[in-house]
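A short write-up of the structure that comes next.
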Amino acid sequence: MKGSRRWERCAALAGGAAVLAGLVAGCGGAGAQDGVRDAPRSPGRQMPPYWLDDAAPPAVARQLHVTVPATATEVKAAHQKGFQDDGLLLAFVLPSSEVDGFVARLAPERPLRTRQEPVAGAVKPATPFAHLGLPEPESLPGVREGQVCAPCRGDLNFLQVAVARAGEGTARVYLRGSD
């Protein structure tokens, strides 16, 4: 009788350990790379965070309460569905002469600060501009950046702007927000 109870306890512990191992493996990020899930867990249903395939620049600009200037080129946008909040990215190139006017219309909380050197260390934003095929503004030298609003109007939680040189006489404007 004594040996049979010991066996039952060992079997129960082994079963519990197997269940726990299965739960850990299921939550361990299988299918995720850099914290972003590439494929849905089950057909037709994705678990956040994931990128929306149909994020058009005009729709993302509306969500950010931003008007993209008519002279903007290389306009790119992305929308990442999150657990609680969604990440919104918008980037475009403007003639350098138009950047200050655009930034002034955003009415940032404080004047943009200029960062001469890239941010030290590995920068892994939750919503990376790399998704758009662009370098992260934090990885570039000579960037003007700042908070536009936090909280913002409507459902927008925050909006940040960064401006980096894109080429001769042009600058890339990066906008990152969360709603």
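The values are calculated or read from the model by the stated rules, or taken from the named source; none is laboratory data. Bear in mind the structure is a predicted one, so any value in this text is a computation, not a measurement. FYI the Cβ positions are ideal-geometry reconstructions off the backbone, even for glycines, and counts take in every protein chain you see. SASA here: full protein model, heavy atoms, side chains in, ligands and nucleic acids out. Shrake-Rupley method; radii C 1.70, N 1.55, O 1.52, S 1.80 Å.
Find out how many positive minus negative residues lie around P108, taking Lys and Arg as positive, Asp and Glu as negative, among other residues whose Cβ is under 11 Å from that of P108. That works out to +2. Solvent-accessible surface of the stretch 62-137, averaged per residue with a 1.4 angstrom probe and all protein chains in place: 58 square angstrom. Out of the total accessible area of the stretch 55-179 (probe 1.4 Å, heavy atoms of protein only), what percent is carbon and sulfur? Carbon and sulfur: 53 percent of the exposed surface of the stretch 55-179.
Quick one: net charge of A77's neighbours, Cβ under 15 Å, K/R +1, D/E -1? Please list the in-between numbers first.
On the way: positive: R62, K76, K81, R172, R176; negative: D53, D54, E74, D86, D179.
Surrounding charge for A77 is 0.
Using 0.36 nm per residue and subtracting the Cα-Cα separation, the extra length available between F158 and E117 on full extension is 12.3 nm. Evaluating 6.51 cos²θ - 1.76 cosθ + 1.60 at θ = phi - 60° for every residue in the stretch 65-73, the Karplus couplings come out as 6, 10, 9, 6, x, 4, 7, 5, 10 Hz, glycine and proline recorded as x.
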